[in-house]
Structure formats: C-alpha cells, structure tokens
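First comes the structure, then the notes that go with it.
The values are calculated or read from the model by the stated rules, or taken from the named source; none is laboratory data. Predicted model, so just to flag it, every value in this text is computed and none were measured. Note that we place each Cβ from the backbone using ideal geometry, even for glycine, and neighbour counts take in every protein chain shown. Quick note on the areas: whole protein, heavy atoms, side chains included, nothing else; ligands and nucleic acids left out. Shrake-Rupley method; radii C 1.70, N 1.55, O 1.52, S 1.80 Å.
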Amino acid sequence: MVHSLRRQPGRLVKTVFGFYPYWIESSGSDVRDDFLSQFCYFGCEVDPETGTPADLHEWNSLPLIDSMRQRGVGIILAAFNFGMERNRVLLSRPAAKERWIDTLIALCAARGGRGVNIDFEIVPGGLRDSLTQFMARLGSRLRERIPGAQLS
C-alpha cells in the first residue's frame with residue numbers, strides 16, 4: 001500500500017489506487033485508509049468454461065472491505081484469468097463472457113463496490129477484438145447498474 005500521500009484538510013490531493021491481494025494474511029490494521037482513494041481487492045477468479053467464479057477468495061466475507069467502504073474509500077473488485085489457454089476459452093465463448101459480466105456486476109454491487117479491475121494475462125493476439133468487446137460491454141453494463149463506476 002502507498003504510505004507517502006500528502007493531504008489537504010478534509011480531502012485527498014491525489015488518487016491512490018491500492019491493491020490488496022487475497023493471499024495476504026492481515027487483520028487490515030496495517031492498511032492506511034487515510035492514504036487511499038480506491039481499495040482494490042485482488043481478487044476473483046473466473047472459471048473460463050462457464051463464466052462463473054472459480055474462487056471468490058473471501059470477496060463476499062472479508063470485513064476489511066466493509067471497513068474501507070465505511071471510511072469513504074472506494075471499493076474495486078479485481079477479477080483475474082491467467083494463462084493463454086484460459087483466456088482463449090473464456091473469450092471464445094459468448095455465453096461464458098456474458099455470464100462473467102453479469103457475475104462481476106452483481107458481485108461488485110453486493111459489496112457496495114465502485115468498479116471492476118480486469119487482469120487477464122497472456123491473451124492471444126487473435127482474441128484482441130473479443131477482449132475489446134468484452135471490456136466495452138462490461139463497462140457499459142457496469143455503469144448502467146452502478147452510475148459512475150470505474151473499469152480498469
């Protein structure tokens with residue numbers, strides 16, 4: 001997390017996006033909410049065959065997410081899919097992509113999230129258009145459900 005942000009009385013002067021990976025074992029007491037504008041929980045893993053979650057990694061239950069939101073820090077859900085074959089499978093299945101979009105929006109809304117961060121690593125070049133369409137559709141639908149939501 002970032003520890004060098006300067007504040008003006010009552011407001012942040014920079015946008016600070018902090019990632020909190022699920023594998024960190026922490027009570028959250030070491031997370032400086034006064035230095036964060038966005039708390040990005042990493043994350044939620046997709047089952048590329050179905051477009052349903054393979055593992056939510058405590059997204060639905062981690063108290064730190066509620067604590068950050070209550071202290072005015074924006075909550076972002078990071079969703080990931082690692083590997084060329086996993087990305088080929090997901091991005092080649094229209095029904096799985098739509099289900100994943102629906103799921104991400106529902107998961108984000110259920111925890112008072114302000115957006116979604118996508119981390120798809122090693123996407124085959126031939127699926128560039130499919131990835132672009134996925135991101136555009138996710139962004140459009142996300143903002144319909146959560147006005148002003150962020151997609152990164």
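When the Gaussian network model of the chain links Cα atoms closer than 10 Å, the mean-square fluctuations of 29, 140, 37 top out at 29. For the pair the stretch 24-59 / the stretch 84-105, the C-alpha centres are spaced 19 Å from each other.
With a length cut of 20 Å (Cα positions projected on each helix's long axis) and a Kyte-Doolittle mean of at least -0.5, go through the chain and give me the DSSP H helices that pass.
On the way: long enough: 94-110 (24 Å, 0.56); 128-145 (26 Å, -0.99).
Counting only whole DSSP H runs, the qualifying helices are 94-110.
Please work out how much length the chain gains when fully extended from residue 144 to residue 122, using 0.36 nm per residue of separation minus the C-alpha to C-alpha distance, in nm with one decimal. Don't skip to the answer; put the middle values down first.
Details: separation 22, 0.36 × 22 = 7.92 nm, distance 2.92 nm.
Here the segment from residue 144 to residue 122 would lengthen by 5.0 nm.
For the stretch 54-152, give the percent of accessible area contributed by carbon and sulfur heavy atoms, probe 1.4 Å, rounded to a whole number. Whole-percent figure for carbon plus sulfur exposure: 51. Only beta bridges with both residues in the chain are counted; by DSSP, about 20 percent of them are antiparallel.
For the chain, the solvent-accessible area of protein heavy atoms averages 52 Å² per residue (probe radius 1.4 Å; ligands and nucleic acids excluded).
Only helical DSSP H runs with n ≥ 4 go in: add -39500 (n - 2.57) per run for the chain, normalise by residue count and round the 222 nm mean residue ellipticity to 500 deg cm²/dmol. Present the calculation step by step, with values, prior to reporting the outcome.
Details: 4 runs with 51 residues, N = 152.
Only helices count here, giving -10500 deg cm²/dmol.
Once both labels are positioned 7 Å from their Cα atoms along Cα-to-Cβ, the gap between residue 70 and residue 152 label points is 2.5 nm.
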